[in-house]
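Read through the structure below, which is laid out as structure tokens, and then see the notes.
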Amino acid sequence: MIEILPAIDIINGECVRLSQGDYSRKTTYAATPVEMARLYAGAGIKRLHLVDLDGAKTGQPCNLHVLRDIASEGLLKIEWGGGVKSREGLEAAFEAGADFVIIGSLAVRNPELMEEWLNEFGGNRIILGADVRAGKVSVNGWQEDSSLSIEELIERFIPYGLKEVICTDISRDGMLQGPSDTLYTNLAAAYPQLTFTVSGGISSMEDIRRLDRLGLPRVIVGKAIYENQISLDEIRNFSN
């Protein structure tokens, strides 16, 4: 069964959602990140997708206190992303309680360092975050498009022990229009040795059920929960 990973995106310590990665199209929610994490754990969730949007924009982690607060509860495994572009940032994230760290822009800008981290920490802790717009990988908090395709980026790191890839279709993110099924099924078929996480566009439990039928292993859900299009009861019933 497909695993649901709720997303908590953070700006200034608050839960937010962006539309298509646009920082000017931000919605801030009343619940704190810790409160949301507790609700998710209560719904049977085992793993949380936690993103430091300030860090993604500035190039260094800015909300590690939120990570530390959630991790200290001991309720969820946490994958952390946003602004990890140095060894100091990586170690700080692990020390604050991240079980996994997502590497995005750095993998494009400094692939040699990504290779080094995969060798040292392993593909079980270092996740490739590939954010795609019009077929190309985007970097720096989705503010800049590179010339690399998702396939080129993935193939660079397979020899170094890459195991997990979170692929976000930026055009779908925060739009509640459904995910790009074809993108993910094609990637899963091309690289069966990797675990792909679907990210972007989830609007309903039917989207999740469809991805499950397609055999995809993981899906990140964000705005659909905050906007009450997917309830915690639905997640609990599906997961159990």
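Trypsin sites (Lys or Arg not before Pro), restricted to region 48-135: which are DSSP loop and have at most 14 other Cβ atoms within 10 Å?
Numbers: sites: Lys57, Arg68, Lys77, Lys85, Arg87, Arg109, Arg125, Arg133; in loops: Lys85, Arg125.
For trypsin sites (Lys or Arg not before Pro) across region 48-135 that sit outside H, G, I, E and B with at most 14 neighbouring Cβ atoms in 10 Å, the list is empty.
Using a ≥ b ≥ c from the Cα gyration tensor of region 45-166 (square roots of the eigenvalues), is it rounded, prolate or oblate, where a/c under 1.5 gives rounded and otherwise the larger of a/b and b/c decides, a/b for prolate? Kindly include the intermediate steps, with their values, before the conclusion.
On the way: a/c = 1.77, a/b = 1.43, b/c = 1.24.
Because a/c hits 1.5 or more and a/b exceeds b/c, region 45-166 counts as prolate.
Along region 102-117, what does the Karplus equation 6.51 cos²θ - 1.76 cosθ + 1.60 (θ = phi - 60°) give for ³J(HN,Hα), rounded to whole Hz, x for Gly and Pro?
Listing the rounded values in order: 8, 10, x, 4, 4, 4, 7, 7, 9, x, 4, 5, 4, 4, 4, 5 Hz.
Using a/c under 1.5 as the rounded threshold, could you call the chain rounded, prolate or oblate? The axes a ≥ b ≥ c are square roots of the C-alpha gyration tensor eigenvalues, and prolate needs a/b larger than b/c, oblate otherwise. Before the final figure, lay out the partial values.
Working: a/c = 1.37, a/b = 1.13, b/c = 1.21.
In terms of gyration-tensor shape, rounded.
Using a probe of 1.4 angstrom, how much of the accessible area of region 1-131 is carbon and sulfur, in percent?
Working: 2320 of 5160 Å².
Here it works out to 45 percent.
Amide H neighbours of Glu3 under 5 Å, counting only residues 5+ apart in sequence or on other chains, H built in-plane at 1.01 Å?
HN-HN under 5 Å from Glu3: Arg218, Val219.
Taking amide H positions as placed in the peptide plane 1.01 Å from N, state which residues far from Ile78 in sequence (5 or more) or on other chains have amide H under 5 Å from it.
Leu48, Asp99, Phe100
Starting from the Cα gyration tensor of region 16-116, take the square roots of the eigenvalues, sort them a ≥ b ≥ c, and report rounded, prolate or oblate (rounded when a/c is under 1.5, otherwise prolate if a/b is larger than b/c, else oblate).
Details: a/c = 2.08, a/b = 1.29, b/c = 1.61.
Note, shape of region 16-116 comes out oblate.
Amide H to amide H, which residues 5 or more places from Ser203 or on other chains are under 5 Å from it, using H placed in the peptide plane?
Gly178
In whole Hz, what ³J(HN,Hα) sequence does region 189-202 give by Karplus (6.51, -1.76, 1.60; θ = phi - 60°), x for Gly and Pro?
6, 6, 10, x, 7, 9, 9, 9, 9, 6, 8, x, x, 4
Sort out for me the Cα centre separation of region 163-214 from region 55-124, rounded to whole Å.
One Cα centre to the other: 22 Å.
I'd like the antiparallel share, as a percent to the nearest 5, of DSSP beta bridges with both residues in the chain. Write out the running numbers ahead of the final one.
Values: 13 of 45 bridges.
Taking every DSSP beta bridge with both residues in the chain, the antiparallel ones total about 30 percent.
The values are calculated or read from the model by the stated rules, or taken from the named source; none is laboratory data. If you're wondering where the values come from, they're calculated on a predicted model, not measured in any experiment. Because the Cβ atoms are built from the backbone with ideal geometry, glycine has one as well, and the counts that use them run over all protein chains shown. Note: accessible area is taken over every heavy atom of the protein model, side chains too, but ligands, DNA and RNA are not part of it. Shrake-Rupley method; radii C 1.70, N 1.55, O 1.52, S 1.80 Å.
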